[in-house]
1. By the gyration tensor of its Cα atoms, with a ≥ b ≥ c the square roots of the eigenvalues, what is the shape of the stretch 790-908: rounded for a/c under 1.5, prolate for a/b over b/c, or oblate?
2. What's the extension gain from Tyr625 to Arg712 if we count 0.36 nm per residue and subtract their Cα-Cα distance?
3. Could you estimate the translational diffusion coefficient of the stretch 2-142 from the Stokes-Einstein equation, with Rh from the Kirkwood formula over C-alpha pairs, at 10 °C and 1.306 mPa s, in whole µm²/s?
4. Using the Kirkwood formula over every pair of different C-alpha atoms, what hydrodynamic radius in Å results for the stretch 499-660?
5. Counting pairs of Cα atoms in the stretch 710-787, how many percent are more than 20 Å apart?
6. Describe numerically, in nm with one decimal, the distance between label points set 7 Å from Cα along Cα→Cβ at Glu733 and at Glu221.
7. So what is the calculated 222 nm ellipticity per residue for the chain, using -39500 (n - 2.57) for each DSSP H run with n of 4 or more, over all residues, to the nearest 500 deg cm²/dmol?
8. Pairs Lys8/Lys318; Lys168/Lys405; Lys709/Lys738; Lys410/Lys450; Lys373/Lys800; Lys373/Lys535: which exceed 27 Å Cα-Cα?
Amino acid sequence: MSMKAIVKSVLSGDSLILRGRPGPDGQVPKERMLYLADITAPKPGTATREDEPWAFESREFLRTHAVGKEITFTSTHSLPPSERDDIPRDIGSGEIGGVDLTSEVLRNGWAKLKDLKRDPTEEDLRRKDLENEAKAAGKGVWNPHGPQARSVNYTMPTDSQGFISEWKGKSIDGIVEQVKDGSTLRIRLLMPDGDHQFVNIALAGVRCPRSSTSKQGETAEQWGEEAKYFTESRLLQRAVKVQLLSLPSLTATPFQTGPNASAPPPASIFIGNVLHPAGNVAEHLVGAGLARVVDWHAGMLSASGAMERLRAAEKTAKERRACLYANTASVPAAKTNGTGQPTTKGDSQSFEGVVTRVWSGDQVSVLERDTGKERRLQLSSTRSPKLSDPKQAHYANEAREFLRKKLIGKHVRVHVDFTRPREGEFEERECATIRYGGHHANIAEQLIEKGLASVVRHRQDDENRSPDYDKLMAAEQAAMAEARGIHSGKEHPAPKPPLNISETNSRATQFLNGFKRQGRIPAVVDYVASGSRFKVFLPKDNQVLTLVLGGIRAPRTARNLSEKSEPLGPEAAEFATRRYMQRDVEIEVDTVDKSGGFIGALYLNKNENAAVALVKEGLASVHSYSAESLPWAKQLYDAEAEAKREKRGLWKDYEEEEAKTPEVEQSNGEAGPLKTEYLDVIVSDVRTSNGFGFSVQILNTEGIASLEKLMRDFSLHYRAMPPVPGYTPRSGELVSAKFSDGSWYRAKVRRSSPVKKEAEVTFIDYGNQDTVAFSNIRPLDPKFRSLPGQAHDARLSFIKLVAPDSEYYPEAIDRFRQLCEGRKLVANVDHREGPLLHLRLMDPTANTEPLASINADLLRDGLASIDRKGCRYLSSYPAVEKKLRESINLAKRERLGMFEFGDVEEDE
């Protein structure tokens, strides 16, 4: 009686393993072995026995012809099961698609007829004729030239690391020889040199439950057999492409190995991708709920997008509650994406703020913009080195300093991912993802990529983690591969504590003259004791000192619970803390007080005097006796006069007659009108990120004429210039960069990333900005440096466009481009704010009315408003102000732009 089955695999040119159809409830089908009667094929080898000649080719012929197809077979004789398993064994014949397998194998010369011990039948004679034909044609095993010489290695490579280094990421042809469980395969690699190498592969990114054949003596886990069958039915003895990615064990824990660690023992398995023409089976396993995602593989998969696809498949399986995810309550947002998009957990919240303090390499304080509340935050899924461990202290300081330079005083976007409950000596802490800059970079990802922190290994069922967890793992993998920071194996001595040179008056006096000779000294504010008293760190000399601001007196702040603060003392200390804490500053020393404190000045951003700022806010008063000898005494008195006039802080109830108040010198922002200065310009770039702005080139000048000549020589010079090996551009450096149009232009580096091998640059002759790969950047030849940049940053005088979050903002930008781009305009400089020009733009071809301008046109269209706060010089141009007011009134009357639903102009 004939039976039907599916060919599961082929052992040799005369032996097949068959399986039935799955049960009605998905039960794994039973198997049986079929030996083709009356023929014998060469036997494949094992680890202890070599292949017989033509064994691989014989098996391959039958494998490609039969595996995965339905077979109709007849058993002529049954054999007892083997001792190793209880699989039924039969001797018989089989047909696939009406073709007899025995005849097909003989016809192609891949088997020989056995010597018969019975009288030959008609079928026996026909098969003998087929064998003779194959022999005469030199087919298969009858080929007189013999088989191709090859080496077959049945064991894993002895030099595992060397093998991975040679073949990592490359595509190698292979045949799946065994499925141990759903995610563990034994594969024959068909190496390019003709040799065969057997390897064990764990599918990257996933882990299936254990099957009964995974490890001898262990029972199968739930869904283990189903996962194994899922993979077997799709990949066993199929041709695949293999990409080796990694060894199975993680790189040693940071600080536990040195650079001279001994070589690891040979690996018993590799981690890699196994790709079938139908796709990556790992994604299908997860989607079917038969595998879980392995988090720590994210580092090797995120760059190709494979981890993102696995997360998407995991989300689908959880939504369907398939197999392993049958008890999943809901799909947690934090774990189903690596894109950095906000999650929506009950306790989660997003806000914007300013970083006021860096506590360690993974903890910062952020002042919330809307509420004014300061919140201490832990970076989600991030662990920095411990300062208390001498082996880690160096990197702990590096991590803290990295965060300080990147974040302190900067505007950030915060998303609180979860709250870590109080545990032992650890307090409850909000764990958050913090992004900063125009590209909203995740600071934790950058920290880990530098090798200055590691990723927390969460439990498989722990959904409280960073929404960028996969990206963090990828960053850690990159840091490990490049041996950066804590993964370098380098041992650094614990940092020496800084020397306190303000400990006594006698010690401080020794340094006084040296500090006076130096003038301004770079420093970092380490602590704010009160509004006018700071602990300052000098990184160059590893020293700390106490700095007291000279010429002022700030209200005293209580140092302990038994003391009482003076009025406005806490406010002065808070202002100084928010403004100067952990900032890069410069100090200037004048003298030393009796306790060893240095009296002098503190400058932020080169020109902001901290003493003047405190006095201006009404949080300190001028100490006349000590202020008289100071070079900035006039600034102090002017600031105090302004604070009195505005009744700020200490001067809240000040009632002195206005006539006795010293007149405050008019600030630059309130200066009178500039002399009329008409310029021919073209708008060379329009920027819409981080607020609206644009750049102009001033025409009919020697600079533009020189630029045209320079660009001709420049293009010829750099077109044929090869890349400079190992060149890394630095921030602030003038370079030659290739723009997206394929041409080379002069540029200035804004930010450089040696990790990504790219830099953000500003093209100094046109004003536009771009991110350019290092390969498209060259050092700027000195002969092209003499001409100043021809692009001038500018803004519109008197007006501001609608806010970026307004629905009319895109229309406003488009209208500005329509009025300005590609046109030769006339501009009047109404105000100069450092290098920024405040321009009134006019199109001489459109309107010749004396006060007509593009500025007024934007108001007339309802796409801008008068900017009284940002343009305090407006009152100096009464005629222009009248024209602008007329334009905006017309827009209101005709309900144009933002006035479509009424008067929404801000109260000025």
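No lab work stands behind these numbers, since they all come straight from the coordinates. Everything quoted here is computed from the prediction, not taken from an experiment. So basically every Cβ, Gly included, is an ideal-geometry build from the backbone, and we count neighbours across all protein chains shown.
1. Values: a/c = 1.40, a/b = 1.29, b/c = 1.08.
Here the stretch 790-908 falls in the rounded category.
2. Working: separation 87, 0.36 × 87 = 31.32 nm, distance 6.34 nm.
Stretched fully, the Tyr625-Arg712 segment lengthens by 25.0 nm.
3. Values: Rh = 15.8 Å.
Using the Kirkwood radius from Cα pairs, D works out to 100 µm²/s.
4. On the way: mean 1/r = 0.0621 Å⁻¹.
Computed over Cα pairs of the stretch 499-660, the Kirkwood hydrodynamic radius comes out at 16.1 Å.
5. Working: 641 of 3003 pairs.
Everything past 20 Å amounts to 21 percent.
6. Each label point is offset 7 Å from its Cα along the Cβ direction, giving 5.0 nm.
7. Values: 21 runs with 224 residues, N = 908.
Value at 222 nm, helices only, nearest 500: -7500 deg cm²/dmol.
8. On the way: Lys8/Lys318 31 Å; Lys168/Lys405 37 Å; Lys709/Lys738 18 Å; Lys410/Lys450 20 Å; Lys373/Lys800 30 Å; Lys373/Lys535 25 Å.
Correct reply: Lys8/Lys318; Lys168/Lys405; Lys373/Lys800.
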